[in-house]
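What follows is a short report on a single structure.
The values are calculated or read from the model by the stated rules, or taken from the named source; none is laboratory data. What you see is a predicted model; the values in this text were computed from it and never measured. When we count neighbours, we look across all protein chains shown, and the Cβ atoms used for this are built from the backbone with ideal geometry, even at glycine. We work out accessible area using only protein heavy atoms, side chains counted, and drop any ligands, DNA or RNA first. Shrake-Rupley method; radii C 1.70, N 1.55, O 1.52, S 1.80 Å.
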Amino acid sequence: MDKLIITGGAPIDGEVWASGAKNSALPILAATLLTADRITIHNLPHLQDITTSLELLGRMGIDCVVGDKMSVELGGKVNDCRAPYELVKKMRASILVLGPLLAHYGSADVSLPGGCAIGSRPVDLHLRGLEAMGAEIEVENGYVRARAPQGLHGAHFMMDVVTVTGTENLLMAAALAKGTTILENAAREPEIVDLAECLIAMGANIKGHGTGTITVEGVERLHGCEYTVMPDRIEVGTFLVAAAAARGRVKVRNTRADTLEAVLVKLEEAGATLEVTESTITLDMHGKRPRAVSLRTAPYPAFPTDMQAQFVAMNAVAEGTSRVVETIFENRFMHVQELSRMGADIALEGNTALIKGVESLSGAPVMATDLRASASLVIAAIAAQGETVVDRIYHIDRGYECIEEKLQSMGVKIRRVAG
Ligand code: UD1
């Protein structure tokens, strides 16, 4: 298993490019199942989850041609409406094929994603929403078997929990359903807006995306299009926090600051100077230690759960004490134990981490446990004294493209060794 070796304490000053957003690219790839026409998607991140998605689509019969500059062209008819366990277990976002398959082909057999390291992560709302649209659904032998022989119809559906992939599944299904669908308490994440814009480019009739109520007038067919995935706001945020924790400076290119407001506000509170243009964000700590910032995760536009672990790492070396409350996932503090092994002073009380900033952390062998937890260990290692070896980095490779090359361009001393 590959490991990352990071020597902390190097001056952080440089420029880095952000990739396309994984969490936009995954639903957009699934959306291509809604038409047999050819669709070209640009700015895909080069990540394992994207490869898994393309493999899944390929097995269903879709023709995928990977072009240069992170583009892919897809098209053709599905001849196998199944997402098998061996692929779904690699990536729970495979559940995103359920809505499009059902809406376009009237049939979908998708393995249940099962448990996940950061909590139970049910998909009940995806299923209930599709049932409200006329689908017959059974869960047996670990598979969701969904049928809609007469097609789906519009529905007025209220989600009692805000769910990102749930909203995406229902949005895609509604695009081809007969009549009007109204999704209430919909997720407002920028990735939902990106998916909706791609569906609109395919001919869908959608209004209200980016608000809590999305209205979809179903159309009879969707067509091909060309679409560019938005920049990855979580990757951008991770680079900014890394520079802040290390008292350094970084300019991130290919960004959209409007998708990162809650994070930027917290970085300013930590003492960072920010300079924002249409496509870049520059953060400068002017050599100062960050101030501790308290925060609470919640659905967009509030502070994203996918940035919580990185802020815990920064707070671990910040001046002062902070409280970080996780409200989205029940088991998303697995980085805390590993950070403590590097000398962090963090107490966990239920869904709250109480962090007393220490002057410096010390390098240690640590283990990545999930995607964002591993980003937090890398940030801690960059700010620490001495060498840190991060094991099980396949987690980080799921969400960060060329992590070592990108961090090197910021001045981080990092290398990968095959284990
Ligand atoms: C997506 C993101 C993930 C991010 C998360 C929250 C993708 C591929 N992944 O995950 O990076 O951390 O949003 O911003 O976009 N829930 C239910 N019933 C459901 C669905 C969800 O109770 O049917 C609950 C979950 O247990 C959780 C909360 O809703 O507590 C939010 O989960 P959800 O937004 O669905 O997360 P994902 O879409 O899986």
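A few points about this structure:
- Here the chain exposes an accessible surface that is 49 percent carbon and sulfur, computed with a 1.4 Å probe and the other protein chains kept in place.
- Average accessible area per residue (Å²) across the chain - probe 1.4 Å, nucleic acids and ligands excluded: 38 Å²
- Qualifying lysines (Cα of each under 29 Å from Cα of K178; at least 8 residues distant if same chain): K77, K207
- The overall shape of the range 44-194 is rounded: from the C-alpha gyration tensor, with semi-axes ordered a ≥ b ≥ c, the ratio a/c is less than 1.5.
- Only Lys, Arg, Asp and Glu carry charge here, each on its Cβ (+1 for the first two, -1 for the last two); on that basis the range 182-306 has a dipole of about 740 debye about its Cα centre.
- The range 305-329 and the range 350-397 have Cα centres lying 12 Å from one another.
- The range 118-191: C-alpha gyration tensor shape, a/c 1.5 cut-off, then a/b vs b/c: oblate
- Coordinate range of the alpha-carbon atoms in the range 37-77 per principal axis, descending: 25, 19, 10 Å.
- Ranked packing of 241-249, 396-404, most packed first, by mean Cβ within 10 Å: 241-249, 396-404
- Global dimensions of the range 152-226 from alpha-carbon coordinates: Rg and Dmax equal 11.1, 34 Å.
- In Hz, Karplus ³J(HN,Hα) per residue of the range 270-276 (6.51, -1.76, 1.60; θ = phi - 60°; x = Gly, Pro): 7, x, 7, 9, 10, 10, 10
- Listed cross-link partners K90/K406; K22/K90; K356/K413; K251/K406 are compared with a 18 Å cut-off, the Cα-Cα value being larger for K90/K406; K356/K413.
- For the range 294-410, with +1 on Lys and Arg beta carbons and -1 on Asp and Glu, the positive-most of S409, V325, M342 along the dipole: V325
- Shape of the range 276-419, Cα gyration tensor, a/c cut at 1.5: rounded
- Angstrom value of the Kirkwood radius, inverse mean 1/r, which spans all Cα pairs in the range 2-58: 14.2 Å
- Taking the helices alone, the chain has a mean residue ellipticity at 222 nm of -9000 deg cm²/dmol, built from -39,500 (n - 2.57) per DSSP H run of at least 4 residues and averaged over all its residues.
- Charge dipole (debye, nearest 20) of the chain; +1 at Cβ of Lys and Arg, -1 at Cβ of Asp and Glu: 560 debye
- Under the Debye formula (equal points on every Cα, no solvent term), log10 I(q)/I(0) of the range 1-130 at q = 0.09, 0.11, 0.14 Å⁻¹: -0.32, -0.46, -0.69
- For the chain, alpha-carbon Rg relative to the globular expectation (2.2 N^0.38 Å, N residues): 0.98
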